[in-house]
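Visitor: My structure is below; once you've seen it, I'll send some questions.
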Amino acid sequence: MAKRIPNSQDLLAQFGERMLEVLEELSSYGADPEGGVTRLLYTESWLQAQRALISKMQQLGLESAFDAVGNVFGKLSGSQIALKPVLTGSHVDTVKNGGKYDGAYGVVASMMALGYLKAAYGEPKRTLEAVSFCEEEGSRFPLAYWGSGHVTGARSLAQAAELADPAGVTLLEAMRQAGFNAAGLGEHPAKREQIGAYIELHIEQGSVLTYRHKQIGVVTAIVGQIRLTVHVTGSSNHAGTTPMTMRRDALAGAAEMVTLTEQMALEAGEPLVATVGRLEVRRGTSNVVPGDVTFTLDIRHTDEPEMRTFCVRLLTKLEEIALRRGLTIETVENLHASPVAMHEGISAAIEAACEAVSFPSMRLPSGAGHDAQLFGPICPSAMIFVPSVAGISHSPAEFTEAGDLVAGFQTLVHVLYQFGYGGEADEII
Ligand code: GLV
Ligand code: MN
Ligand code: MN
């Protein structure tokens, strides 16, 4: 158990309250009229949110700025420069019409935690940094982890010229339009070396914690993901004059592929999941046989070989459907993130912090992807979850009780205190 934990309880409570307010304020950037939040990478609402975070971090006394690709850092500098910094945060982008908490909670709680530690304890020994990653979801461009991928070196600017959003704007153009012109800075303009550890606080986005009556989740591992785009090509033709037996209908073929995906995933069983989340019919019109359809595939599993095997089996079956129907398919892999285990030592320190303040906790895996997945292979990384009401996420109905948000915030504070000010956990990294 931790020997030293923050004791200025009134101040901690004040920062917890303020954290809730800032989280609410942040949700006004990109608020959808019908409820929910949409903040896609490099759009105006995204930019406003990141700028607002810089200003709030500065008010908290953190040194804050954008990096070359649009991540925002808020630094609380430590006195011992030989100690590698500990990063804590999450992402500011959302899915289309998502909730207020996914990503935003971890970002706001991280900066408020550093603000509290500075106010209560002054300069730390080890540098602590709050980070708001520019993108994690993959909701505008067909790849994910653009922010944390740059910091860890897993993403490069070369990818930015090749990828376009549904409106045809390339990632590179979108970056430049938002004011991030990294030309001349090399392929990895935001890569960081020498990171001591990464800790991410996030909503669970599932219902395990609620079901088990636990307030805090300590993540054991993050699921692997493969994301693909499948293009199905048939023959576009007149809906009235083309007999049913003479069609090469790309949409009817895609529909069979979607159904088969669900069926094969059900047969494979948990923890495998497979989702078609987007389907587009090019030039779709009621009196035209569709000739050109694109859909996305998202496949997840905690075991890398199982995930790969399922993916290969599925794609073989989709090709068989295409062949039988006189269609062609082309698949592009946009993302392959391997499952990543979280760091045992930091996870134990999180559990110890929960025990010290009597927050009931449990260990659980994450079925959602997180920025911590990119840090896992390069530095000790860990995640703290708080309950999601009814397990709903990626939806305007996403909700976490204020008491649970504050409990997660306090847990994060306790762990960061140890790394920053020399508690027992500091020896882990
Ligand atoms: C990100 O939230 C993902 O798991 O898709
Ligand atoms: Mn998230
Ligand atoms: Mn998400």
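Visitor: Restricting things to alpha carbons, find the Rg to Rh ratio for region 106-254 using the Kirkwood radius for Rh.
Guide: 1.13
Visitor: Same structure again: How are the alpha carbon pair distances in region 50-123 distributed across 10 Å bins from zero to the largest one, expressed in percent?
Guide: 19, 49, 27, 5, 0
Visitor: In debye to the nearest 20, how big a dipole does the chain give about its Cα centre with +1 on each Lys and Arg Cβ and -1 on each Asp and Glu Cβ?
Guide: Dipole about the Cα centre, nearest 20: 420 debye.
Visitor: Suppose each label sits 7 Å from its Cα in the direction of the beta carbon; what would the LEU11-ASP32 distance come out to in nanometres?
Guide: 4.1 nm
Visitor: Suppose R0 equals 22 Å; then what is the FRET efficiency for GLU320 and VAL288 from their Cβ-Cβ distance, rounded to the nearest 0.05? Before the final figure, lay out each step's value.
Guide: Details: r = 26 Å, r/R0 = 1.19.
Between GLU320 and VAL288 the formula returns 0.25.
Visitor: Taking 0.36 nm per intervening residue step and subtracting the Cα-Cα distance, what contour gain separates GLN194 from LEU260 on full extension?
Guide: Separation in residues times 0.36 nm, less the Cα-Cα distance, equals 19.2 nm.
Visitor: With every atom except the alpha carbons ignored, what do you get for Rg and Dmax of region 205-262, in angstroms?
Guide: 21.7, 62
Visitor: Okay, next question. Could you please put HIS231, HIS238, HIS213 in sequence from largest to smallest accessible area, using a 1.4 Å probe?
Guide: The most accessible residue leads, giving HIS213, HIS238, HIS231.
Visitor: Would you mind finding the longest exposed-site-free stretch of the chain, with exposed GluC sites (Glu not before Pro) meaning DSSP loop and at most 15 other Cβ atoms within 10 Å?
Guide: The longest such stretch corresponds to 194-400.
Visitor: If you bin the C-alpha pair distances of region 184-223 every 5 Å from 0, what whole percents do you get?
Guide: 5, 13, 20, 15, 11, 10, 9, 8, 4, 2, 0
Visitor: Assuming R0 = 25 Å, can you tell me the calculated FRET efficiency for the pair GLU270 and GLU401, based on Cβ-Cβ distance, to the nearest 0.05?
Guide: My answer for the efficiency is 0.35.
Visitor: Give the Cα extents of region 224-337 along the principal axes, in whole Å, largest first.
Guide: That gives 49, 22, 18 Å along the principal axes, largest extent first.
Visitor: Loop only per DSSP, at most 11 neighbouring Cβ atoms within 10 Å: give me the trypsin sites (Lys or Arg not before Pro) in region 282-370, ordered by residue number. Before the final figure, lay out each step's value.
Guide: Values: sites: ARG282, ARG283, ARG300, ARG308, ARG313, LYS317, ARG324, ARG325, ARG363; in loops: ARG282, ARG283, ARG325.
Passing sites in region 282-370 are ARG283.
Visitor: Express the C-alpha Rg of region 138-190 as a ratio against the empirical globular expectation 2.2 N^0.38 Å, rounded to two decimals.
Guide: With N residues counted in region 138-190, Rg over 2.2 N^0.38 Å equals 1.05.
Visitor: According to a simple spin-label model (label point 7 Å from Cα along Cα-to-Cβ), what is the distance in nm between SER338 and LYS96?
Guide: 3.3 nm
Visitor: On average over all directions, what projected area in square nanometres does region 1-124 have, based on the convex hull of its Cα atoms?
Guide: Here the figure is 8.8 nm², rounded to one decimal.
Visitor: Follow-up question, since we're still on this one. Taking a quarter of the surface of the Cα convex hull of the chain, what do you get in nm²?
Guide: Mean projected area of the Cα convex hull: 21.1 nm².
Visitor: In a Gaussian network model over the chain where Cα atoms closer than 10 Å are linked, find which of ALA183, ALA274, ALA407 has the largest mean-square fluctuation.
Guide: Highest fluctuation among the options: ALA183.
Visitor: Can you give the extra length, in nm with one decimal, that the chain gains between THR309 and ALA348 once fully stretched, where that is 0.36 nm per residue apart less the Cα-Cα distance? Kindly include the intermediate steps, with their values, before the conclusion.
Guide: Values: separation 39, 0.36 × 39 = 14.04 nm, distance 3.33 nm.
Stretched fully, the THR309-ALA348 segment lengthens by 10.7 nm.
Visitor: So, one more: If you wrap region 309-409's Cα atoms in a convex hull and average its projection over all directions, what's the area in nm²? Don't jump to the answer; show the numbers that get you there.
Guide: On the way: hull surface 39.5 nm².
For the Cα atoms of region 309-409, the hull's average projected area reads 9.9 nm².
Visitor: Between ARG51 and GLU25, what is the label-to-label distance in nm when each label sits 7 Å out along the Cα-to-Cβ direction?
Guide: The answer from the label model is 1.5 nm.
Visitor: Using modelled amide H (1.01 Å from N, peptide plane; none on Pro or chain starts), what sits under 5 Å from the amide H of ARG248, excluding residues fewer than 5 places away?
Guide: Sorted by chain and number, the residues that satisfy this are SER235.
Visitor: Tell me the mean residue ellipticity at 222 nm calculated for the chain from its helices only (DSSP H runs of n ≥ 4, each -39500 (n - 2.57), averaged over every residue, nearest 500).
Guide: For the chain, the value works out to -11000 deg cm²/dmol.
Visitor: If you look for lysine pairs in the chain that are eight or more places apart or on different chains, how many of them have Cα atoms under 22 Å apart?
Guide: Qualifying lysine pairs in the chain: 13.
Visitor: If you bin the C-alpha pair distances of region 285-353 every 5 Å from 0, what whole percents do you get?
Guide: Values per bin, smallest distances first: 3, 11, 16, 15, 13, 11, 9, 6, 5, 4, 4, 3, 1.
The values are calculated or read from the model by the stated rules, or taken from the named source; none is laboratory data. Everything quoted here is computed from the prediction, not taken from an experiment. Neighbour counts run over all protein chains shown; Cβ positions are idealised from the backbone, glycine included. What goes into the accessible areas is simple: the full protein's heavy atoms, side chains included, and nothing from ligands, DNA or RNA. Shrake-Rupley method; radii C 1.70, N 1.55, O 1.52, S 1.80 Å.
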